[in-house]
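Report on the following structure.
The values are calculated or read from the model by the stated rules, or taken from the named source; none is laboratory data. Because the structure is a prediction, the values reported are computed rather than measured. Cβ coordinates were reconstructed from backbone atoms using ideal geometry, including for glycine residues, and neighbour counts include every protein chain displayed. For the accessible areas, the whole protein counts, side chains as well, though only heavy atoms, and no ligand, DNA or RNA atoms are used. Shrake-Rupley method; radii C 1.70, N 1.55, O 1.52, S 1.80 Å.
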Amino acid sequence: MVTSSTEEISSTMVRQPIPIGVRIFDEIKRKRLEQTIRMFNKLKGDIWQLTPAGDAQVVIFSPEEAGGEVFLKSALDNNKIHPVIYAKKNNSTCPWFIDQAGGSLACMNTLADVFRSINKKKHKSTESSAENKSNDINPFINRIKSLTRSQIVYKNLLSIYVNVDSEEVCIEKPQLNSIALDKLRKVFETIGIGNIEVREISSSEFEDGKAKSSIADLSLSNFFWEMAINDKQASLFDETKASKYKLERWPNFTRLQHKYEHVVLAAFFRRFAADIDTASAKTGIPAEVVVSFLNATHLLGIEVIADENSISFTKEANLTPKAPKTVMQKVLGTLFKEKIH
Amino acid sequence: MAQLKIVFTGTVGAGKTQAVEALSEIPVLKTDVQATDEVVDLKDSTTIAMDYGEMAISDGETLAVYGTPGQKRFAYMWDILSRNALGIVILVNNSRKDPIEDLCVYVNNFKQHIENTTAVFGVTHLDKAKNPAEEMNKYYTFFEQQGYHYPVFPVDARKRNDVNVLVESLLAMLEVG
């Protein structure tokens, strides 16, 4: 049996956030990393406090940028700063590394590891009480419960059986390997449900669980998408509301639960870079739906902050539909009666 | 008033006829003949002029759903069928030798129609691929390189849900302009 515990994370969630700085000169990469840190905080509580790199305890930097190598050497020597390398490869002795190609998830996994390491040192003498732990139940668990009733099964990358009432995740044994299991535990820790027990079960147990499930055959990306798209409260973008976003590619709507408004938003953000309010005003879709859509695309790693080369959509501009709206509504009315709201 | 229509086009065996059948509320009018050329390795019959289906949309109005022939030698039909269409759905049979080149053929042939209206892309036969996700990445990369903002989805043309998503995306693209 393999267990996963976020006891260390839970016990420190009531403490002061750890100052973290991003010493990356490339503005797009820096903004993306900062956004991921904010998302981490949204999902797990305010663990990190974004500060200038000079004041930070944890600093994300790139050895490929100017002064990067010097910074790493001094950080490793003085032992007060925790350096985190952001690059394509880690050729140094620095233990913390974020793979540039790994997206938000890779970044959050590393940050979770850094946090646990710092936390271990801090809490040798302090044990949190069982009472504190129960107060620290992540709201994400409740969201999962409300969204998925008692049980979910999803399949694809791995076959997993999740019983959120008993906080158990089961994986179909034939597909299990230690790398996949470790990856899975990290994913669950990252999204804030790391206190779920992960254990092996037999195929028959899995099939049994699947039969009782209300949702079947969901991939991990579907899982992330559904969490975000149905959550109208969480916003990963509070502090960057003025930022302009665009989509790197379309979400796979043939597999992802959606409404027509999400498809319109995909068409809009794939074509134009825009801030949340502008997207809402121009498409007529409520801002909270725009935010939940961007949250979901962010978790899939297909949303980006626009750069200067993006075609921006200004507040003054208007959409110019290529067909009369009445025609589109008629066709939609026939195709997707049940989906239009 | 011009007939409201959408057009499904794409490579031989990509599932155009199945897609039209998935949408149509009437029995699909087909112009299939027995395959005698290179198509015979893929299927028994092939479309030589068009597939035609219909959907009732309101008060006697219908949406016509056309499927073009896949083979290039019937390309004269592509332009005829696409005139005044709301948009073009291009299906690509991923199991063919060079599906990206196939895709380029259709993008180039329908260029004017796509510019005037819009297009969406469906990739079919991914079930035959060892790693469907990796196969899709080829298309995402290609679209990125070309600067295409058009949707591209993995689809099973026999499934109404997948075909619905193609049409839904086509409408969303038209709405955004």
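Here A:SER310 clears all of (1) touching a strand residue (DSSP E or B) at 6+ places or on another chain (Cβ under 7 Å); (2) more than 9 Å from chain B (Cβ to nearest Cβ); (3) part of a helix (DSSP H, G or I); (4) not acidic (Asp, Glu) except the condition numbered (3). In this structure, B:ARG83 qualifies as loosely packed, with under 13 Cβ neighbours inside 10 Å and within 16 Å of the chain's Cα centre (by Cα).
The residue that is farthest from the other protein chains (Cβ to nearest Cβ), among those in region B:146-167 that are more than 11 Å from B:PHE121 (Cα to Cα) and part of a helix (DSSP H, G or I), is B:GLN146.
One residue alone among A:GLY301, A:GLY284 is away from every other protein chain (no Cβ under 11 Å) and either hydroxyl-bearing (Ser, Thr, Tyr) or surrounded by fewer than 19 Cβ atoms within 10 Å (Cβ to Cβ) (or both), and that residue is A:GLY301. Of all residues in region A:318-333, one or more are in contact (Cβ under 8 Å) with a residue 24 or more places away in the chain, part of a helix (DSSP H, G or I), within 8 Å of another protein chain (Cβ to nearest Cβ) and not β-branched (Val, Ile, Thr). Close contacts from region A:59-77, counting a first residue that is assigned by TED's automatic domain parsing to the domain that holds A:TRP48 and among the polar types (S, T, N, Q) and a second that is surrounded by 14 or more Cβ atoms within 10 Å (Cβ to Cβ) and assigned to a loop (DSSP other than H, G, I, E, B), with Cβ to Cβ under 6 Å and a gap of 6+ residues or different chains, come to A:SER62/A:ILE24. Do the conditions hold for B:LEU170, that is, is it open to solvent by less than 20 Å² (accessible area, probe 1.4 Å), within 11 Å of another protein chain (Cβ to nearest Cβ) and out of contact with any Pro (no Cβ under 7 Å at 6 or more places or on another chain)? Spelling it out, B:LEU170 is indeed open to solvent by less than 20 Å² (accessible area, probe 1.4 Å), within 11 Å of another protein chain (Cβ to nearest Cβ) and out of contact with any Pro (no Cβ under 7 Å at 6 or more places or on another chain).
Does A:PRO52 satisfy the criteria of being surrounded by fewer than 19 Cβ atoms within 10 Å (Cβ to Cβ) and at pLDDT 75 or above? Taking the combined requirement at face value, the residue satisfies it. Residue count for region B:97-115 under the criterion of being closer than 23 Å to A:LYS322 by Cα and in contact with a helix residue (DSSP H, G or I) (Cβ under 9 Å, 6 or more places away or on another chain): the result is 7. Within region B:137-156, the set of residues being open to solvent by 10 Å² or more (accessible area, probe 1.4 Å) and touching a Leu at 6+ places or on another chain (Cβ under 9 Å) comprises B:PHE142, B:HIS149, B:PRO154, B:VAL155, B:ASP156. Of the residues in region B:92-103, not one is touching a residue at least 60 places away in the same chain (Cβ under 8 Å), under 27 Å from A:GLU303 (Cα atoms), within 12 Å of another protein chain (Cβ to nearest Cβ) and in a strand (DSSP E or B).
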